[in-house]
Amino acid sequence: MAQRDPNRFADGLEAVSIRGRLERDEAELSVLRQNLDFAEQSLRDADARFREAEKIYYERKALRNDASAYVDLTRRKCDEQQIRVTTQRAYFHPIRRAPLEVLGRVFEIGVEDILYRDLEWEIIEFDALAEERRLPFTVSSVCRRWRAACLAAPRAWAHVVFSLSEFTSQRASYWNVYLDLTLSRSSASPLMLTLHRARGRSSHDGDNHLIRKLLQHMSRCVQFHLLVHRLYADDAILPLLSACAPHVRRIYIDVDRDCTSRLRATLPFPTSKAVEEIFSKGLFAFSDAVLSNARKITLNNVVCSDLVQIVEKAPTLHELRLNSPSVADFINTPSPYTLEPLQILIVDVADNVPFTRALTMFSFPNLVDLTLHGIESNTGNRLEFLRLISPGCHLTHLCITCLDPSLASNFGAALQQLKSLYDLTMNETKFTAHSLQMLCRALLPVNDDSAGGCPDLAYVTFGSDCSFERDCNPNELLDLVRARQTADIGPDGDKWWFVRFTVGGWEAPGRGGLQAEIDELLKEKDEPHVE
């Protein structure tokens, strides 16, 4: 088909068709021009409003900047004035009238409050102790008067914190000066020594010089911390462990268990009879003298044979804590070892080791305070241990954590055996409706349907870290409290009444303060327990 000439003159039918399209296109063009005029006018109006708003914004921004600058200036003047006022007031502070002897004693007490800690609960991190190492230097650098008071207070310098890991050729002079200063400034005061060596750092010949300095002062050591990853057969620390330290009262030893098999003959401070507290991880050989007066012992990862040797030599042992005890060398004994003086026992098991077998080697006739830490999966082991020892002792305080809700009936049965229980604490436990119901039933007073549990129980605590599922009924707790508060005194003098009943942070759905309701019920009893 031939292409039509684009420059032709349209006529005839073609002209009619083109004119029709042209009319429509011209009409649409007219509308578009009107829209364009309207849009351009709108844009001009918007630009005008924007310029007006922009002008207002810059004006107000300038006002804001001026206000901010004024605030900064005033704050700076206020801080400077506060410093001047504080400085002037300081001249009238009573501490300035205190004699240097009194001020120095304050510093000593402040240091001792930090350093005399419960060593037996947690493994101490050296970084925290390193901060304490600088404490007397920080205090003595405040002013001349404080420096004079601190230098005149030898007990403020009596905590020596030393890290063999940081003892290098570049830092040898620093550690020599530090030891010389602290040992000389502490004079003849009781010495608290902390020695640290991190993983991967072996014993060096250069350590001997520093250890010899410490050996000269071990006769006044009262507290000894050893935090090392590994002990070696020719370790420079060994002479320090076997030194004569007749006054040492607290021993804290944290050593890798795997490295001690060839060091069994190493007895820490073998002649010291003043030891009262021992924390040991990895080194469990102690002399008869060291254990003769020990009242508080904590053992980490101890095996049965070591445990037997230690408790047999500790006739005054009052409190024992076992962290992850092992049953690898369990010994069947014809009769259990009797721990007559022991009154407080704390067992912390972080795995499913059947530790009950190990502890059945012992009897606890005077045990009154028992704490059983663990995880849900070893609830059965802990409850079995509680069941086995309860007939042979008179527990008054029980703390238990991480109970498995499915074993609530076992827990209830164990509680009903504890006729002398006075204080019950439950922590980190998830309660279901069933487990809560079982617990409350176990603690109800004696009636036709219940044997009654813990008639002397006066204090119950659900820790703030306990949780309660949504279907738990708070009326179970209220009914328990109400039943015990209204119970009559039993024929054996059982009073049943609660003195304090704490439900931690449980906010029962659909009601206000559950604790307040319980407290109101407790007030209704006129005659409380006498602790």
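So the values come out like this:
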{"item": "Computed lengthening from A48 to D180, 0.36 nm per intervening residue step minus Cα-Cα distance", "result": "39.5 nm"}
{"item": "Surrounding net charge for S68, when Lys and Arg each add one and Asp and Glu each subtract one, Cβ distance under 14 Å", "result": "+3"}
{"item": "Per-residue SASA entry for K523, accessible area with 1.4 Å probe, Å² rounded to 10", "result": "140 Å²"}
{"item": "Under 5 Å, built H, 5+ apart or other chain: amide partners of T401", "result": "L372, G374, N427"}
{"item": "Label corresponding to Cα Rg over 2.2 N^0.38 Å when calculated from the structure given, among (1) 1.12; (2) 1.21; (3) 1.63", "result": "(3)"}
{"item": "With DNA, RNA and ligands ignored, accessible area of S406 (1.4 Å probe; Å², nearest 10)", "result": "90 Å²"}
{"item": "21 Å Cα cut-off, lysine pairs counted over the chain (separation 8 or more, or different chains)", "result": "9"}
{"item": "Antiparallel DSSP beta bridges within the chain, percent to nearest 5", "result": "0 percent"}
{"item": "Relative contact order of the chain, defined on C-alpha pairs under 8 angstrom at six or more residues apart (%)", "result": "6 percent"}
{"item": "Crossing angle, helix 433-442 versus the chain [Cα axis fit, 0-90 degrees, rounded to tens]", "result": "30 degrees"}
{"item": "Principal-axis tilt of helix 172-185 within the chain, Cα atoms, nearest 10 degrees", "result": "50 degrees"}
{"item": "Net charge contributed by nearby residues that have their C-beta within less than 12 Å of A27 (K/R +1, D/E -1)", "result": "-1"}
{"item": "Among Q485, A198, N35 - extreme Cα towards positive end, dipole of the chain, charges at beta-carbon", "result": "A198"}
{"item": "Between 0 and 90°, nearest 10: helix 514-523 axis offset from the chain longest Cα axis", "result": "40 degrees"}
{"item": "Cut-off of 10 Å, at most 10 other beta carbons, DSSP loop: longest stretch of the chain lacking such chymotrypsin sites (Phe, Trp or Tyr not before Pro)", "result": "93-531"}
{"item": "Full-extension gain in nm, A67 to R97, via 0.36 nm per residue minus C-alpha separation", "result": "6.3 nm"}
{"item": "Cα gyration tensor of the range 371-462 - equivalent ellipsoid semi-axes, whole Å, descending", "result": "18, 16, 12"}
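The values are calculated or read from the model by the stated rules, or taken from the named source; none is laboratory data. What you see is a predicted model; the values in this text were computed from it and never measured. In this analysis, Cβ positions are derived from the backbone assuming ideal geometry, glycine residues included, and neighbour counts consider all displayed protein chains. Protein only, heavy atoms only, side chains kept; ligands, DNA and RNA dropped before computing areas. Shrake-Rupley method; radii C 1.70, N 1.55, O 1.52, S 1.80 Å.
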